[in-house]
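The values are calculated or read from the model by the stated rules, or taken from the named source; none is laboratory data. In this text the structure is predicted, and so the values were computed from the model without any measurement. All Cβ positions, glycine included, derive from the backbone under ideal geometry; neighbour counts span all protein chains shown.
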Amino acid sequence: MGIFDFVKSVGTKLGVVEEEPPAANAVKKELDSHKLGTDKVDVELQGDKVVLKGEVKDQSAFEKAVIAVGNTLGISKVEATELKVGGAAAKDPVFHTVKKGDNLWKIAEAHYGKGNGAKHTVIFEANTPMLKHPDKIYPGQVLRIPEL
């Protein structure tokens, strides 16, 4: 646990040049714009990898911080080994990379079992405020899958 892979060629565009990763301050500004309680989180850029350090209040904020910066155009990895949850190490999160043809219903059934597609609302809520609408997901995007 601690290093998470993302698709570098998809995500929120923060910089001017698409081939280059955004600046660390732009990534931090994007992270803070989601109001996840990341004021004690520092952002470093090492090439196309973001390193998150500091502390968040809970596991949900940890996971949302990882996907908020990872789903940024030009970022291929997020390292969060030094990002703590209330001073302790975070638990292993469950993430899902969206594939062509996926929707939240299919993703819910894949993770929670056949017949549990109606739990798609749980996945949507777990990914707000990064997701604005349940039908607006795209291939390569990484979503957090919370425990039921």
(request) Quick one: which residue in V51, V56 is β-branched (V, I, T) and touching an Asp or Glu at 6+ places or on another chain (Cβ under 6 Å)? (result) V51
(request) For region 59-79, indicate whether the set of residues that are surrounded by 15 or more Cβ atoms within 10 Å (Cβ to Cβ) and farther than 24 Å from I123 by Cα is non-empty. (result) yes
(message) Residues that are under 10 Å from the mean Cα position of the chain (by Cα) and under 17 Å from H34 (Cβ atoms), at least 2 per element: which strands (runs of 3 or more DSSP E) completely within region 62-148 meet that?
(response) 142-144
(message) Taking the criterion of being basic (K, R) and under 22 Å from G2 (Cα atoms), would at least one residue in region 99-119 satisfy it?
(response) no
(message) Quick test for you: out of E109, E82, E55, pick the one residue that is without any contact (Cβ under 8 Å) to a residue 40 or more places away in the chain, touching a Leu at 6+ places or on another chain (Cβ under 9 Å) and surrounded by fewer than 18 Cβ atoms within 10 Å (Cβ to Cβ).
(response) E82
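Inspect all residues belonging to region 115-122 and state whether any of them is in contact with a strand residue (DSSP E or B) (Cβ under 8 Å, 6 or more places away or on another chain) and surrounded by 19 or more Cβ atoms within 10 Å (Cβ to Cβ). I'd like the intermediate steps shown before the answer.
Step one: list which residues in region 115-122 are in contact with a strand residue (DSSP E or B) (Cβ under 8 Å, 6 or more places away or on another chain), which gives none.
No, because not a single residue in region 115-122 is in contact with a strand residue (DSSP E or B) (Cβ under 8 Å, 6 or more places away or on another chain) and surrounded by 19 or more Cβ atoms within 10 Å (Cβ to Cβ).
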(request) State which residue pairs qualify: first residue assigned by TED's automatic domain parsing to the domain that holds Q59 and in contact (Cβ under 8 Å) with a residue 24 or more places away in the chain and inside region 25-39, second residue of a type outside the set (D, E, K, R) and in a loop (DSSP other than H, G, I, E, B) in any location, beta carbons under 6 Å apart, and separation of 6 or more residues or different chains. (result) E30/L14; L31/T38; H34/P129
(request) Please specify each residue of region 20-69 satisfying the condition of being touching a strand residue (DSSP E or B) at 6+ places or on another chain (Cβ under 7 Å), within 14 Å of A80 (Cα to Cα) and of a type in the set (G, A, S). (result) G54, A65
